[in-house]
Amino acid sequence: MTLRERVRAWRFWPMLWKEFIQMRRDRLTFGMMTFLPAVQLMLFGYAIQTDVRHLPLVVLDESRSAESRALVTTMVNTRTFDLVGPVASRAEALRAIEHGEARAALVIPPDYLTKLARGETAVAQLLVDAADPQTSGSAMSSALLAAQARGLALIAARTGRAPPIEVRVRPWYNPEQRSALFIVPGVIGVLLTITMTLVTSTAIVRERERGTLEQLIVTPIGGTSLMLGKLVPFVLVGYVQMTVVMLLGRVIFGLPVRGSLPTLYLFTVAFITASLGIGLLISTVAKSQAQAMQLSFFFMLPNILLSGYIFPREAMPEPAQWIGLALPLTYFLKVLRGILLKGVGAEALWREGVILCGLATFLLAVSVRRFRKTIE
Amino acid sequence: MSEVAVRTVALHKRFGALVAVEGLDLEIKRGEVFGLLGPNGSGKTTTIRMLCGLMVPTSGTGTVAGFDIVRESESVRGAIGYMSQRFGLYDDLTVAENLRFYSTVYGLHGRERDARLAEHSAALGLTERLGQLAGTLSGGWKQRLALACATAHRPQMLFLDEPTAGVDPAARRAFWQSIYVLASEGTTILVTTHYMDEAERCQRLAFLSRGHLIGVGTPKEITTQFNQPSIEEVFIALQAKDEGAAA
């Protein structure tokens, strides 16, 4: 047989052809593969804002002086607070917080100006709705910073001397500190995880449920062609999804690509292989498509919560961090953010690359073994 | 080419403590329509799976279409066609796509394949439904398509595992006509069934009971051997005996 004939006779081709037809006709899967990236991107890109802005603030200004107004202006200028209105009494301020009209109330007492004039420490009070620790944390630190800034400005005005210390912060990689920039690369990782585990495992289980897997095994197709034909289409889908999300991310959120795209696509092979291994593994355990879906969702949860996709891994208790270390997504997120946001290359990410390759080899070896057993 | 399509010698299959097939000696001639009968759990499916090279026998040997079922299972798979009760069709592919897929997997390509499929679907009356999704076909048409998919590559040997379960009588009759056509062209056919009228259409029958071969012969020889008026009575008597032994 010539090489050309051999390539043509490879039974992987009809499998691939069939998979693409089925993929096109299966509306649910097709929808998941096209809409999901867009929806995820919009949802997570816009909705997940870990930086707290525009908390409604009411002010009880009993001092009614230029100084008290200057303090309010400093607070509002932090952009953490939006002034929703003055209130006339403490009771009214409390009611505003209770009713959710305000998340914080600034109380400036009548003696604010007199104390300042006498050179004593003037005291103002911030009442904060601290039910949500993340929001209140940032409200409190913003208020303290604003007060200190105002205080330093007053000292500088009085003494005519510059403040002795100043720390100038330069936020690298994401200077405007936009959560979207941090989240969008993560969306790529999460989407690939969903496609490779959920879509792949249900596609294989469907063949078993309908009796076509049995039919295929009786043909001379061979285990390798069968598995490759089943898996390769999803690898291609994964790459398309990744590209689409990056393009959308660029247009909508101004996602930068600071590093090398070929390096990113290369690292992605390892991640996709590892995730496919998990998908294949799920397909050998699940008895029905519904079970495959449940197992995949069960696997998705730790990925979303513990990989560092949204919540910083540094803030997690140690056992949770260990679980995160077993997830391929944890490493792939570092690769994505490293290449897209920081513009680093393989020299900085080789550790993640090695671990991903290790996980991929292990997961694929285990799942292929198990899969072969189920078809024999 | 040998006149024997299937030969097994002392074929055994054990699953742990359970003996599914014990000491099976079977010989099927080329071009024969051979029926494999027996109650559920008698070892029919296990036997077919071993012959198709899907399952490795615990001991014993066998050949199908001249290939050793253990050492040459790959070649066995290329020489046979297999159709089960579940049909194994892709509901979301059309009739034409199902045919094209299976025939390509069996090694047909290009113009040769297209010519063969045109002739084959015409012979089975599928031409007008080529563009229809397999999932929208009735049971009888699905069965016809499944047979077409299993035979487009002109297998020497065809395994039919309860191929007519859940299909209406008219479709069953048409199906058996196709079977005879295939047999007349030299295809050897091994069929399992629970319909006794179908069993009587076979040239020779083998009865399995609890993994043992307890009778082989033409339908007439079988009824004489078991001293029963019909194959159906043989079957029922056998099943009663099986259940008695199990209890």
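Observations, loosely collected:
- All of (1) under 27 Å from B:Lys13 (Cβ atoms); (2) assigned to a helix (DSSP H, G or I); (3) modelled with pLDDT of 95 or more hold for B:Cys149 with one exception: (1).
- Condition met for B:Asp161 (modelled with pLDDT of 90 or more, under 30 Å from B:Phe15 (Cα atoms) and of a type in the set (Asp, Glu)): yes
Okay, residues lined up against (1) at the interface with chain A (Cβ under 9 Å from one of its Cβ atoms); (2) small (Gly, Ala, Ser):
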site	(1), (2)
B:Thr47	no, no
B:Met83	yes, no
B:Leu99	no, no
B:Ser103	yes, yes
B:Glu112	no, no
B:Arg116	no, no
B:His120	no, no
B:Leu124	no, no
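- Wholly within the range A:1-120, strands (runs of 3 or more DSSP E) carrying at least 3 residues that are surrounded by fewer than 16 Cβ atoms within 10 Å (Cβ to Cβ) and within 26 Å of the chain's Cα centre (by Cα): none
- Filter result (over 22 Å from A:Lys373 (Cα atoms) and buried (at least 23 other Cβ atoms within 10 Å of the Cβ)) within the range B:12-32: B:Leu24, B:Ile28
- All of B:Gly23, B:Gly41 fail the test of being on the phi > 0 side of the Ramachandran plot, assigned to a strand (DSSP E or B), away from every other protein chain (no Cβ under 14 Å) and more than 15 Å from the chain's Cα centre (by Cα), apart from B:Gly23.
- Residue match in the range B:71-83 (condition: touching an Asp or Glu at 6+ places or on another chain (Cβ under 9 Å) and without any contact (Cβ under 8 Å) to a residue 60 or more places away in the chain): yes
- The range B:182-199, subset part of a loop (DSSP other than H, G, I, E, B) and surrounded by 17 or more Cβ atoms within 10 Å (Cβ to Cβ), residue modelled with the lowest pLDDT: B:Thr193
- In the range A:339-376, the residues that are within 14 Å of another protein chain (Cβ to nearest Cβ) and in a helix (DSSP H, G or I): A:Arg372, A:Lys373, A:Thr374, A:Ile375
- Screening A:Val344 on (1) surrounded by fewer than 16 Cβ atoms within 10 Å (Cβ to Cβ); (2) closer than 29 Å to A:Arg178 by Cβ shows it passes everything except condition (1).
- Any chance A:Thr268 is within 24 Å of A:Arg369 (Cβ to Cβ), out of contact with any strand residue (DSSP E or B) (no Cβ under 7 Å at 6 or more places or on another chain) and either part of a helix (DSSP H, G or I) or within 14 Å of another protein chain (Cβ to nearest Cβ) (or both): no
- Any chance B:Arg111 is touching a Cys at 6+ places or on another chain (Cβ under 8 Å) and farther than 24 Å from B:Gly140 by Cα: no
Matching residues to (1) within 14 Å of chain B (Cβ to nearest Cβ); (2) in a loop (DSSP other than H, G, I, E, B):
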{"position": "A:Leu152", "(1), (2)": "no, no"}
{"position": "A:Ala156", "(1), (2)": "no, no"}
{"position": "A:Arg161", "(1), (2)": "no, yes"}
{"position": "A:Thr202", "(1), (2)": "yes, no"}
{"position": "A:Val237", "(1), (2)": "no, no"}
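The values are calculated or read from the model by the stated rules, or taken from the named source; none is laboratory data. Only a predicted model underlies this, so the values are computations on that prediction, with no experimental measurement involved. So basically every Cβ, Gly included, is an ideal-geometry build from the backbone, and we count neighbours across all protein chains shown.
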